[in-house]
Amino acid sequence: MKSKKTKYSKSKYKLKKYRHRKKKSVFARAKRRFSEYFSYWTKQGYRKQRNWIDLDNASKLFPSVMNATDTKVFRFTATVKDDIDPKLLQMALDQSYKHFPLYRGVLRRGIFWYYYEESDLHPVVEKETDYPCRSLFHYDEKQLLFRVLYYRNRIHLEVFHALSDGTGASWFLQLLITNYVLLRYPESRSERIELPEEFQYTRYESGSQLDDSFTRYFNKKKNEKSINVKEMNPDESEKRKWKRVYQIYGRKTQDNRMQIIESEMPAKDLLKISKDRNITLSVLLTAIFIESIHKTIKRKNKERSVTISVPINLRQFYQSHSARNFFATTLIGYTFGQEGKTDTFDEICECVAEQYSTATKVENIEHKLFSLVKLEKNLALRIIIRPLKNLILRLANKINNLSITAALSNMGKISFPKNIEEYVDQIYVYITASRPQFACITHKGILTINFSSPYQDTEIQMNFLRRLTEMGIPVTIGANDVNPPNTKQDADHSDYLFEQQLVQRENQA
């Protein structure tokens with residue numbers, strides 16, 4: 001009996017000792033994590049070593065307001081000389097992926113905000129078999145926020161807008177296409193590659209790409225030379241009160257695919273018209289868009305405003321090589337039916353040009369962005385949990401959309417190294433939208449204007465293109481099929497099904 005008691009007491013003692021050691025190790029791990037958490041706020045070195053980054057000011061809206069129709073995904077398309085070789089395109093993607101650390105991130109949900117987390121996922125090239133700009137971000141999946149597709153002689157790059165804006169994505173596209181052409185056409189490597197301005201090496205450095213330019217330029221605590229917001233005059237275009245802003249409605253496509261219309265035209269012809277009117281190309285296109293929308297309004301006897309949401313690339317005002325979002329938006333519009341005005345095209349151009357001039361003033365841009373960043377850093381708002389923030393942002397987005405009729409985006413000019421250009425035919429850009437809008441880009445002297453809309457009706461787009469032909473601009477257009485006979489889209493119908501050319505009208509009455 002004694003031996004059994006002794007044996008039992010020893011085993012009991014060992015068990016207590018083991019439990020004590022386990023509790024001690026758990027306490028040590030908790031203490032270490034607690035110290036690491038606070039070292040994030042105090043040690044700059046640890047902050048650089050972390051494998052996650054915050055979303056910038058512009059990106060925080062997109063995950064909260066995206067939906068099945070407006071996925072907040074945009075697409076760049078490049079057409080090359082011959083049909084795509086998938087193996088070589090995959091090799092080109094692997095080479096380009098190494099130089100873009102931002103594109104390795106996946107979007108995760110935190111308690112208070114979304115954030116980017118570095119991943120070991122690897123992108124895989126796929127053949128296009130579905131409609132453009134499908135959703136890239138799903139709450140329950142850990143996946144990259146971009147994809148590369150191909151179809152015949154087309155290469156598609158689709159990007160979730162929370163990851164990057166059009167300028168940052170165009171840098172990735174340029175590197176991807178350059179690498180593919182060098183692999184697909186060995187003769188292109190016979191000449192020395194002279195990199196244009198778009199291929200500056202600073203744009204491929206991880207530190208520059210991941211820079212949050214909003215915080216760097218518009219955080220008053222870090223920028224001692226920042227302008228005092230109270231002393232600045234608010235943007236006059238933001239103070240303007242629009243009367244009865246026209247909203248576009250229509251019958252949506254059957255499976256949430258976008259209605260896409262491509263159009264190509266000589267850029268020099270449009271630039272000549274802009275120069276003759278002493279306005280910029282963006283002003284001309286915006287004025288034509290406003291006029292085209294007004295032609296679709298049935299009741300024109302009352303005052304009604306047509307407003308266009310336009311993004312402004314902040315890199316033209318502030319030095320930044322960040323591949324993340326760095327843009328601001330402004331509202332450009334015109335009110336029809338005002339007393340004393342005849343609503344001619346010249347009056348529309350004059351009004352639009354004045355608003356562009358006001359919106360692109362640095363002091364007005366800073367007034368708006370300082371306020372947005374200050375709101376983002378507000379402690380009372382930061383402690384609100386993410387689900388509640390999502391509801392607030394969705395409600396604010398719906399209220400804001402009531403003041404917007406349509407949207408447009410001018411990506412400017414895109415180019416490639418000299419020995420690469422001859423193998424690249426054309427560049428297109430599309431943007432998903434909850435309302436009709438268009439995006440344009442210039443390459444090799446050709447301006448491509450690509451309309452996207454969730455509705456089947458194309459009256460606004462046709463009015464826009466007819467106006468260009470009336471000005472003497474030769475336009476080539478193409479469109480996709482938004483009403484396929486079967487629900488499942490056939491591979492042969494994944495690209496554009498028809499093309500026709502609009503030529504200048506002769507002997508007009």
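May I ask which residue of Leu465, Gly337, Gln259 lies farthest towards the positive end of the charge dipole of segment 237-502, with charges of +1 (Lys, Arg) and -1 (Asp, Glu) on Cβ and the Cα centre as origin? The listed residue farthest towards the positive side: Gly337. In a shell of Cβ-Cβ distance under 14 Å around Ile297, excluding Ile297 itself, what net charge do Lys and Arg (+1) and Asp and Glu (-1) give? Overall, the nearby charge balance is +3. Across segment 325-338, computed HN-Hα scalar couplings (Karplus, 6.51 cos²θ - 1.76 cosθ + 1.60, θ = phi - 60°) run 5, 8, 8, 10, 10, 9, 10, 10, x, 8, 9, 8, x, 6 Hz from first to last residue, x flagging Gly and Pro. Tell me whether segment 257-361 comes out rounded, prolate or oblate; compute the Cα gyration tensor, take square roots of the eigenvalues as a ≥ b ≥ c, and use a/c under 1.5 as the rounded threshold. Since a/c reaches 1.5 and a/b is larger than b/c, the shape of segment 257-361 is classed as prolate. For every other residue with a beta carbon closer than 13 angstrom to the beta carbon of Leu281, add +1 if it is Lys or Arg and -1 if Asp or Glu, then tell me the sum. Combined, the nearby Lys, Arg, Asp and Glu give +3. Our coupling estimate for segment 431-447, obtained by passing each phi through the Karplus curve with A = 6.51, B = -1.76, C = 1.60 and θ = phi - 60°, is 9, 5, 7, 8, 8, x, 7, 9, 10, 10, 8, 10, 8, 6, x, 10, 8 Hz, Gly and Pro reported as x. Only Lys, Arg, Asp and Glu carry charge here, each on its Cβ (+1 for the first two, -1 for the last two); on that basis segment 388-481 has a dipole of about 500 debye about its Cα centre.
Projecting the Cα positions of Leu393, Pro454, Ala439 onto the charge dipole of segment 391-475 (unit charges on Cβ atoms of Lys, Arg, Asp and Glu, taken about the Cα centre) puts Leu393 furthest along the positive direction. Residues in segment 285-309 near a label at Met471, defined as backbone nitrogen under 14 Å from the 7 Å Cα→Cβ point? Backbone N within reach: 285-293. Taking packing as the residue-averaged number of other Cβ atoms within 10 angstrom, the listed peptides 166-175, 330-339, 180-189 run from highest to lowest as 166-175, 330-339, 180-189. Approximating the spin labels as points 7 Å out from Cα along Cα→Cβ, the Asp269-to-Arg152 distance works out to 2.3 nm.
What number comes out for the charge environment of Leu447, summing +1 per Lys or Arg and -1 per Asp or Glu over other residues with Cβ under 10 Å away?
0
If you find the alpha carbon centre of segment 266-301 and of segment 82-143, how far apart are they in angstrom? Between the Cα centre of segment 266-301 and that of segment 82-143, the gap is 37 Å. Would you mind classifying segment 237-502 by shape? Square roots of the alpha carbon gyration tensor eigenvalues, ordered a ≥ b ≥ c; an a/c under 1.5 is rounded, otherwise it is prolate if a/b is larger than b/c and oblate if not. Rounded is the answer for segment 237-502, as its axis ratio a/c remains below 1.5. Of the residues Ser164, Ile84, Ile111, the one whose Cα sits farthest towards the positive end of the charge dipole of segment 54-215 is Ile84 (charges of +1 on Lys and Arg Cβ, -1 on Asp and Glu Cβ, taken about the Cα centre). Annotation: the residues Ser415, Ser309, sorted from fewest to most other C-beta atoms within 10 Å of their own C-beta, follow the order Ser415, Ser309.
Residues of segment 151-187 with amide nitrogen under 17 Å from the 7 Å Cα-to-Cβ point of Asp130? Within reach of a label on Asp130: 151, 156-161. What you get for segment 267-358, charging only the Cβ of Lys and Arg (+1) and of Asp and Glu (-1), is a dipole of about 380 debye around the Cα centre. For segment 373-474, the square roots of the Cα gyration tensor eigenvalues, ordered a ≥ b ≥ c, give a/c of at least 1.5 with a/b no greater than b/c, which places it in the oblate category.
Bear in mind that the values in this text are calculations on the coordinates, not laboratory data. Note that this is a predicted model, so its numbers are computed, not measured. All Cβ positions, glycine included, derive from the backbone under ideal geometry; neighbour counts span all protein chains shown.
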